[in-house]
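Visitor: Below is the structure I would like to discuss, written out as structure tokens.
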Amino acid sequence: MIAIAADEIVMGEISRISSIDVIYTTETGERISTLAYLRGFMKLGEMFKTTRKEDIPYPYLSLIESVNLAIFEEFAGYLGQVKEYALELLKSAGYEDKEAENINDRLVYGPLTHYEVINFEKAKSIGLRVKFYEEFKESWSIMRRWLGKYILEESGIHHIKYFIPR
């Protein structure tokens, strides 16, 4: 989300951007990808859309009946909210409406899993304005020093408190 707010993204050889997905933590500490949850239920619906309930194999029927529709709706709302916010960030970064919508869809719904990473080439193919770090050696060096100083420090909140002006 931070990266897409930028008018250009500088990436190195091992730089990665993650997909946009909400991770929901249950009361028991289980972490659930909202997108995976929704996709799973929709796949079940697709598999059995023309099947009578009596003909659905028990394991699948049990899964279908175990879905909490309130949670399903809440997860759909989370994804809708994050997608709307991401679109707003892309537009504020200077992407045209259609371009922003395409990038947004690919970042929210494109990855196969929550943990799929997007490297320089993939970010470029998605339509993000990425530049290779070698064009920004001095800035890259400053950021590496800053990151080396703060990367292992724990914090109750995460925020950016440094930026490099043009």
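The values are calculated or read from the model by the stated rules, or taken from the named source; none is laboratory data. Source: prediction; values computed, not measured. All Cβ positions, glycine included, derive from the backbone under ideal geometry; neighbour counts span all protein chains shown.
Visitor: Taking into account only those residues within region 89-136 that are in a loop (DSSP other than H, G, I, E, B) and of a type in the set (F, W, Y), which is nearest to I23 (Cα to Cα)?
Guide: Our first condition is that a residue be in a loop (DSSP other than H, G, I, E, B); within region 89-136, this holds for 93-96, 109-116, 119, 127-129.
Restricting the remaining residues to those that are of a type in the set (F, W, Y) gives 95, 109, 115.
Numbers: Y95: 27, Y109: 14, Y115: 11 Å.
Per the criteria, the residue is Y115.
Visitor: For the subset of region 111-128 comprising residues that are crowded, with 16+ Cβ neighbours inside 10 Å and farther than 11 Å from M11 by Cβ, which member is farthest from the chain's Cα centre (by Cα)?
Guide: Only one residue fits best here, namely G127.
Visitor: Could you list all residues from region 117-137 that are more than 19 Å from G94 (Cα to Cα) and out of contact with any helix residue (DSSP H, G or I) (no Cβ under 6 Å at 6 or more places or on another chain)?
Guide: Step one: of region 117-137, the residues more than 19 Å from G94 (Cα to Cα) are 117-122, 132-137.
Of everything in region 117-137, those that are more than 19 Å from G94 (Cα to Cα) and out of contact with any helix residue (DSSP H, G or I) (no Cβ under 6 Å at 6 or more places or on another chain) turn out to be V117, I118, N119, F120, E121, K122, F132, E134, E135, F136, K137.
Visitor: Now a separate question. Of the numbered conditions (1) buried (at least 16 other Cβ atoms within 10 Å of the Cβ); (2) over 30 Å from L128 (Cα atoms); (3) β-branched (V, I, T), T28 fails exactly one; give the number of that condition.
Guide: (1)
Visitor: Please verify whether T25 is touching a helix residue (DSSP H, G or I) at 6+ places or on another chain (Cβ under 6 Å), under 20 Å from G80 (Cα atoms) and among the β-branched types (V, I, T), treating the condition exactly as stated. Quick ask: steps written out before the conclusion?
Guide: Numbers: touching a helix residue (DSSP H, G or I) at 6+ places or on another chain (Cβ under 6 Å): no; under 20 Å from G80 (Cα atoms): yes; among the β-branched types (V, I, T): yes.
When the stated conditions are applied, T25 does not pass them.
Visitor: Just give me the residues in region 12-44 being without any contact (Cβ under 8 Å) to a residue 12 or more places away in the chain and in a helix (DSSP H, G or I), in sequence order.
Guide: Hits for region 12-44 are R39, G40, M42, K43.
Visitor: With (1) over 28 Å from V130 (Cα atoms); (2) loosely packed, with under 15 Cβ neighbours inside 10 Å as the list, and I56 as the residue in question, which single condition is left unmet?
Guide: Going through the list (1) over 28 Å from V130 (Cα atoms); (2) loosely packed, with under 15 Cβ neighbours inside 10 Å, I56 breaks only (2).
Visitor: While we're on this one: Taking the condition over 30 Å from E135 (Cα atoms), at pLDDT 90 or above, more than 15 Å from the chain's Cα centre (by Cα) and part of a helix (DSSP H, G or I), does E84 pass? I'd like the intermediate steps shown before the answer.
Guide: Numbers: over 30 Å from E135 (Cα atoms): yes; at pLDDT 90 or above: yes; more than 15 Å from the chain's Cα centre (by Cα): no; part of a helix (DSSP H, G or I): yes.
Here the answer is no, as E84 does not meet what is asked.
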